[in-house]
Each structure stands twice: as C-alpha cells, then as structure tokens.
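Structure record follows, encoded as structure tokens.
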Amino acid sequence: MDVHCEAVLAEYEKRAGEEAEVLHSLPPAEGMSRRDEFLICVGRHTGTVLNILVARDDGVRHILEVGTAYGYSTLWLAEAARATGGRVTTLELHPGKQVYARGMLERAGLADFVDFRLGDALALIEDLAEPPDLVLIDLWKELYVPCLERLLPRLAPGAWVAADNMLDPPAHRAEAETYRAYVRHTGRFDSVLLPIGSGVELSRMRS
Ligand SMILES: C[S@@+](CC[C@H](N)C(=O)[O-])C[C@H]1O[C@@H](n2cnc3c(N)ncnc32)[C@H](O)[C@@H]1O
C-alpha cells in the first residue's frame, strides 16, 4: 500500500467511523430508508484478506465487485490488481456513489485499473466479457442468491467468491444463511465462513 492509497483509506475510515455512530443511533426503519447516505464498507480486515487473495494467487486477473458503493473495497481490490496485472470491474446502481468512488480511486492512483459500470448488477453480470477469477458480492442482501445464480455459468474454473455481511448486521442474518445454504447446495464450491469484519463466506469453485 503506497502513501496515496493509505491517505485515501484513512479518509474513508474516518468517514465510516463518524457515520457508524449516526447510523446506529437511528431507528432501524430510518437507517434502512437512508442507507444510501452512509459509507457502509467491508472494513480493513476484509479489505486486507481480499487484497491478499488477489495479490498472492497467480490466477487472479479478472476481478468482479458487485456493489461498489463509495469505492472502499474497490480500492483494496484495485491496489492488488495493479500489482498483479489484473483489472477490477465494479458494478453499482447509484450514480452519485459511483462518481464519488471514481474520484477516490483517481486520488489513490488506481482508477486506471478499474472499469466502473452503472446499472442493475443482475443485468450487468450477463454482459461480462471475461469469466471472473474472483468476485466480491456486497450488494443489498436479498440479491446475493440471484447474483450467484447468474454468476455460476460465468465463473472461471477455481474462481473465488467472497460474500460480505454473513454475521453482521443481525437484521440480515436470515438472508445471509439462505445464501450460505445455497452455496453449499450447488455442490460446486469448497466454502468456509470467516469471522472477520462483518463475516465473509469465502468459497472456491471446484475445478
Ligand atoms: C454495502 S454497499 C457496498 C459496500 C462496498 N463493497 C464497500 O465495501 O465499500 C452495497 C451497494 O450495493 C449497491 N446495490 C444494491 N443493489 C444493487 C443492484 N441491483 N445493482 C448494483 N448495485 C446494487 C448499493 O447501491 C450499495 O451501494
């Protein structure tokens, strides 16, 4: 991580820390209705694991992120992609978040390693030019299963799939468990729940 990336990460984490207090003080229904205002991100532990997975596995070139938001996890993925000659494609529904993410990645010196795509991820997945070697699934939680359904025929052999928010927030635990059961039911992955950050289901497609 160079100084430019660290400076941008520090700015993200300051914002996330300040906003977490506000978000937790809101009634759940209001937090839900205002969720686009907040930088709800994977956090440093999960960012580091994703960065290591890309940087340490020679096969990871085509990286797909489903749910850019403000670009925090994009930065961790893109920093590793720059080191390995890979590229990140990141999908987001909200135009303002994408603009913000692009600006932060430019400041980190990483925008040249990212393709930002705007629209419904479930449709955008169908247009992917390359089979992803690694996917981060981190969009709204009721879409995890439809997202993996669309990815299944498109993943590269041996692809990694990391799904965030498996343990936290508790309000989404049922959707997380449905996703984890679905991954196992496919019979296509070796899969483990990592108790880092908000909980990550890390799955590797059997070759
Ligand atoms: C939890 S945030 C992603 C956080 C991000 N990965 C990070 O760590 O910084 C989830 C994002 O998914 C986006 N999203 C939700 N449904 C989507 C869809 N159908 N297509 C594309 N993006 C979607 C939301 O707008 C939101 O920005």
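Test of understanding: what is the full-extension gain from residue 22 to residue 123, defined as 0.36 nm times their sequence separation minus their Cα-Cα distance?
33.0 nm is the gain from fully extending residue 22 to residue 123.
At what distance in angstrom do the alpha carbon centres of region 25-75 and region 100-154 lie from each other?
Answer, in whole Å: 11.
Would you work out the charge dipole size for the chain about its Cα centre, treating the Cβ of every Lys and Arg as +1 and the Cβ of every Asp and Glu as -1, and quote it to the nearest 20 debye?
440
Have a look at region 68-137 and give its Rg and Dmax from the Cα atoms, expressed in angstrom.
Cα only, region 68-137: 11.4, 30 Å (Rg, Dmax).
In nm, to one decimal, how far is the modelled label at residue 37 from the one at residue 142, with both set 7 Å along Cα→Cβ?
2.2
Expressed as a fraction of 2.2 N^0.38 Å, the rule-of-thumb size for a compact globular protein of N residues, what is the C-alpha radius of gyration of the chain?
0.95
What does the net charge come to around residue 191 if you take all other residues with beta carbon closer than 11 Å to its beta carbon, with K and R at +1 and D and E at -1?
+3
Which of the listed residues, 171, 22, 103, is farthest toward the dipole's positive end in the chain, when Lys, Arg count +1 and Asp, Glu count -1 at the beta-carbon?
Towards the positive end, the residue furthest out is 171.
What number results when the radius of gyration of region 117-159, computed over Cα atoms, is divided by 2.2 N^0.38 Å?
Scaled against compact globular proteins, the figure is 1.09.
In what sequence, highest mean first, do 127-140, 174-187 appear when ranked by Cβ atoms within 10 angstrom?
Those peptides, ordered most packed to least, come out 127-140, 174-187.
Rolling a 1.4 Å sphere over the protein heavy atoms, what is the accessible area per residue of region 1-139, to the nearest Å²?
46
Amide H neighbours of residue 194 under 5 Å, at least 5 residues apart or on other chains, H built in the peptide plane: list them.
Under 5 Å from the amide H of residue 194: 200, 201, 202.
Taking amide hydrogens as modeled 1.01 Å from N in the peptide plane, which residues meet the under 5 Å criterion relative to residue 189, leaving out close sequence neighbours?
Here the answer is 206, since their amide H atoms fall under 5 Å of that of residue 189.
Sorted by packing (mean other beta-carbon atoms within 10 Å per residue), highest first, where do 161-169, 41-49 land?
161-169, 41-49
Place the peptides 60-70, 24-34 in order of packing, highest mean first, counting for every residue the other Cβ atoms within 10 Å and averaging per peptide.
60-70, 24-34
With all protein chains present, how much of the accessible area of region 66-207 (probe radius 1.4 Å) comes from carbon and sulfur, to the nearest whole percent? Write down the numbers at each step before the final one.
Working: 3170 of 5920 Å².
Percent of accessible area from carbon and sulfur atoms in region 66-207: 54.
Starting from the Kirkwood Rh over alpha-carbon pairs, what translational D in µm² s⁻¹ does region 34-157 have by Stokes-Einstein at 4 °C and 1.567 mPa s?
91
The values are calculated or read from the model by the stated rules, or taken from the named source; none is laboratory data. Everything quoted here is computed from the prediction, not taken from an experiment. Here the Cβ is made from the backbone with ideal geometry for all residues, glycine too, and neighbour counts use every protein chain on show. Quick note on the areas: whole protein, heavy atoms, side chains included, nothing else; ligands and nucleic acids left out. Shrake-Rupley method; radii C 1.70, N 1.55, O 1.52, S 1.80 Å.
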